[in-house]
1. Kindly indicate whether any position in the stretch 222-233 is out of contact with any Phe, Trp or Tyr (no Cβ under 7 Å at 6 or more places or on another chain), acidic (Asp, Glu), in a helix (DSSP H, G or I) and open to solvent by 40 Å² or more (accessible area, probe 1.4 Å).
2. Considering only the stretch 282-329, give the helices (runs of 4 or more DSSP H) lying wholly within it that have at least 3 residues that are under 27 Å from residue 33 (Cβ atoms) and touching an Asp or Glu at 6+ places or on another chain (Cβ under 8 Å).
3. For the stretch 257-281, name all the residues that are β-branched (Val, Ile, Thr), without any contact (Cβ under 8 Å) to a residue 12 or more places away in the chain and closer than 23 Å to residue 70 by Cα.
4. How many residues does the stretch 409-423 hold that are over 20 Å from the mean Cα position of the chain (by Cα) and touching a residue at least 12 places away in the same chain (Cβ under 8 Å)?
5. Is one or more of the residues making up the stretch 348-355 surrounded by fewer than 24 Cβ atoms within 10 Å (Cβ to Cβ), at pLDDT 90 or above and under 19 Å from the mean Cα position of the chain (by Cα)?
6. Kindly state which helices (runs of 4 or more DSSP H) lie completely within the stretch 342-434 and contain at least 2 residues that are farther than 24 Å from residue 304 by Cβ.
7. Would you pick out the residues in the stretch 358-392 that are surrounded by fewer than 20 Cβ atoms within 10 Å (Cβ to Cβ) and under 27 Å from residue 143 (Cβ atoms)?
8. Across the stretch 31-72, what is the number of residues that are hydrophobic (A, V, I, L, M, F, W, C) and either surrounded by fewer than 21 Cβ atoms within 10 Å (Cβ to Cβ) or in contact with a His (Cβ under 9 Å, 6 or more places away or on another chain) (or both)?
Amino acid sequence: MLVCAIIAIITIVLMVCSVLIKPYIKIGKSEVGLYWLICLVGATAMLLSGSISIDSVIKGITADSSVNPLKILTLFLSMTLLSVYLGDAGFFDYIADSVFLKSKGGQLKLFLILYAVVSVLTIFTSNDIIILTFTPPICIFAKKAKISPLPFLFGEFIAANTWSMALIVGNPTNIYLAQSAGINFAQYFSVMALPALAGGITSLVILLLVFRKQLLAPICTQEKGISHNIRISKVPMLVAICHLCVGIILLAISDILQIEMYLICLVLALSLTTFDLVYDIITMHTASPVLKSLKKEPYELIPFILSMFVIVLALKNNGITDILAKALYSGSKLDGLTFGFLSTISANLLNNIPMSVLFEKIIVSNNMLCVYATIIGSNIGAFLTPVGALAGIMWSKILKKYQINMPFKKFVFYGFMIAFPTLISSVGVLLLIV
């Protein structure tokens, strides 16, 4: 048990340090995530030390259950691919440019439109995809308009990581925790819709208060939009939108159809990939656009989640998660507050994906209140520090590319002001529902 605990602690500390100091390293011409490499080494150390056997790992990964990490990864990567195809067809660029064309009314109007658009798109796609898509246009527009990008950057980031809890597909942590508890698409939405709404309203109000001075200032420049060369592929875009809509509908009735959600998403992803491949070969005589789309998938999540799954499984087999569970449970509704706050804080000590894998083993007998509270914490935890979620790591990386200074202290300063009121309102509504 002691060796297992030591390996886990060392892995977590090194992973967090890598996220703060150097999340990526260059190998040849490619950038590789150092944080997942550290987790892979940690998982290997668990095996070599005898903290867990290879047989236990194979049984855990291939188990015919909702906790199977391969099914969860398939579901998330398939849904992400649908969003990637939408982006490559020009959908998100068109929406982003349309948002900035509405800036005539000033910064406040632009901010509210941006927050609303990001919120809606996040619900039906993925918070990571939205952040990757909308952050560059915000940086470009702010530079052109000679205004501070901070209100819009934080507005986008907070909206994406608040409204992502509304649907099960909004965040990989939603998928992992909900699937592990046997919660289907419809059940998830029936519970999480109101907490997401409460969190979304709270975060918006606080953002408006925090950035009120900047947002009341006019936009002096005559620049409109962010680009005059947006390429839209209408047919692929319409087909991708149809696939996404069909996916949401089928996921909502997956229990009635008695088809697992990961299979629905996988079939839709394969269908859209096949269509795009045939369309590109017929119209452009090349398969390179599809290959470029496939390269944009967050493949680093595969070794990251599998490695953390092995580490947490080792903690479970050594009785460490049982000790944590006994220490955390009170047997009352206060457990919802406990798991909401602890998951939020733990996400910033571990990152929200490893935190979710760990908490799934700690939550006793699929206690639904604690499951949903942990889901809320896994989303809102992204606000506190860049360590809280992969979205924060990607966001910070994009800002550096556009030479926007975002010190760790500034991120934490704004994050604390917004995160805890949002968390309290979301968990508070959850306690009234569950």
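1. No, the stretch 222-233 has no match at all.
2. By residue number, 288-295.
3. Taking the stretch 257-281 and keeping what is β-branched (Val, Ile, Thr), we get 259, 264, 267, 273-274, 278, 281.
Adding the requirement that they be without any contact (Cβ under 8 Å) to a residue 12 or more places away in the chain leaves 259, 267, 274, 278, 281.
Once the filter is applied, which keeps residues that are β-branched (Val, Ile, Thr), without any contact (Cβ under 8 Å) to a residue 12 or more places away in the chain and closer than 23 Å to residue 70 by Cα, the stretch 257-281 yields 259, 267, 274.
4. Of the residues in that region, 2 qualify.
5. Within the stretch 348-355 (the criterion being surrounded by fewer than 24 Cβ atoms within 10 Å (Cβ to Cβ), at pLDDT 90 or above and under 19 Å from the mean Cα position of the chain (by Cα)), the answer is no, since none of the residues qualifies.
6. Here the list reads 368-380, 408-433.
7. Of everything in the stretch 358-392, nothing turns out to be surrounded by fewer than 20 Cβ atoms within 10 Å (Cβ to Cβ) and under 27 Å from residue 143 (Cβ atoms).
8. 15
The values are calculated or read from the model by the stated rules, or taken from the named source; none is laboratory data. Keep in mind that this is a model prediction, so the values were computed, not measured. Virtual Cβ from ideal backbone geometry, glycine too; neighbours counted across all protein chains shown. Please note that ligands, DNA and RNA were not included when accessible areas were found on the heavy atoms of the full protein model with its side chains. Shrake-Rupley method; radii C 1.70, N 1.55, O 1.52, S 1.80 Å.
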